[in-house]
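S.K.: Would you mind keeping the following structure in view while I ask a few things?
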Amino acid sequence: GGVLTAFDFTTKGILQSAVGGELWRLKDSQGKPPGLIGIMPGNAVTFVDNHDTIRPNSWAFPSDKVLLGYVYILTHPGTPCIFYNHYMEWGLKDSISKLVAIRNRNGIGSTSSVMIKAAEAELYLAMVDERVIMKIGPKLDLGTLVPPNYALAFSGLDCAVWEKK
């Protein structure tokens, strides 16, 4: 027996609601990420969309927020699954590749630790394994949430990732 994994539909659902101005949803009542990644991250397969969720009248992630979804799943525990269409057809190959490189370079894995530093309507900011800090949301004033010993490694519209120097 190996590890059994399951698609983390709860994380997908909460994340796609959260990026619409409700980023506070990304912190549960115990201060953890919601969904399977907050309970059994080693068994969670995280995803933004798949072939079923993008069908017409289905459950697609907001198209203008897809990159925010990848910033989240590629910097958080669980086993992220990249949707081929997003990678090859949506012009996100470069951004997703950079995020995967950050994940690999910093050893982020399925059971990495997450310390949520902010979960407000317009800002979600978390530290992962004390090596990476990620931010999604339009809020720009981060105060002292990102210490000076972290360097910007990736940025996009309403998102950024820093690595420990």
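S.K.: Only one of (1) without any contact (Cβ under 8 Å) to a residue 60 or more places away in the chain; (2) more than 20 Å from residue 131 (Cβ to Cβ); (3) not acidic (Asp, Glu) fails for residue 19. Which number is that?
M.R.: Status for residue 19: all satisfied but (1).
S.K.: Continuing with this model, one more query. Quick one: residue 158 ticks every box in (1) within 15 Å of the chain's Cα centre (by Cα); (2) within 25 Å of residue 42 (Cβ to Cβ); (3) of a type outside the set (A, V, I, L, M, F, W, C) except a single one, so which number is it?
M.R.: Of everything listed in (1) within 15 Å of the chain's Cα centre (by Cα); (2) within 25 Å of residue 42 (Cβ to Cβ); (3) of a type outside the set (A, V, I, L, M, F, W, C), residue 158 misses just condition (2).
S.K.: Could you check residue 162 against (1) more than 18 Å from residue 69 (Cβ to Cβ); (2) outside any strand (DSSP E or B) and say which number it fails?
M.R.: With respect to (1) more than 18 Å from residue 69 (Cβ to Cβ); (2) outside any strand (DSSP E or B), residue 162 is out only on (2).
S.K.: Determine which single condition residue 54 fails, assuming it passes every other condition in (1) closer than 21 Å to residue 110 by Cβ; (2) in contact (Cβ under 8 Å) with a residue 12 or more places away in the chain.
M.R.: Evaluating residue 54 over (1) closer than 21 Å to residue 110 by Cβ; (2) in contact (Cβ under 8 Å) with a residue 12 or more places away in the chain leaves (1) as the failure.
S.K.: Right, something else. How many residues, within segment 119-134, are part of a strand (DSSP E or B) and either at pLDDT below 95 or open to solvent by 10 Å² or more (accessible area, probe 1.4 Å) (or both)? Talk me through it step by step, then tell me what you get.
M.R.: Let us first name the residues in segment 119-134 that are part of a strand (DSSP E or B), namely 119-120, 123-128, 132-134.
Filter again for either at pLDDT below 95 or open to solvent by 10 Å² or more (accessible area, probe 1.4 Å) (or both), leaving 119-120, 127.
Of the residues in segment 119-134, 3 are part of a strand (DSSP E or B) and either at pLDDT below 95 or open to solvent by 10 Å² or more (accessible area, probe 1.4 Å) (or both).
S.K.: Can residue 75 be described as touching a residue at least 40 places away in the same chain (Cβ under 8 Å), touching a strand residue (DSSP E or B) at 6+ places or on another chain (Cβ under 6 Å) and of a type outside the set (Phe, Trp, Tyr)?
M.R.: When the stated conditions are applied, residue 75 passes them.
The values are calculated or read from the model by the stated rules, or taken from the named source; none is laboratory data. Values in this document were obtained by computation on a predicted structure and should not be read as measured data. Cβ coordinates were reconstructed from backbone atoms using ideal geometry, including for glycine residues, and neighbour counts include every protein chain displayed. Keep in mind that these areas ignore ligands, DNA and RNA; they rest on the heavy atoms of the full protein, side chains included. Shrake-Rupley method; radii C 1.70, N 1.55, O 1.52, S 1.80 Å.
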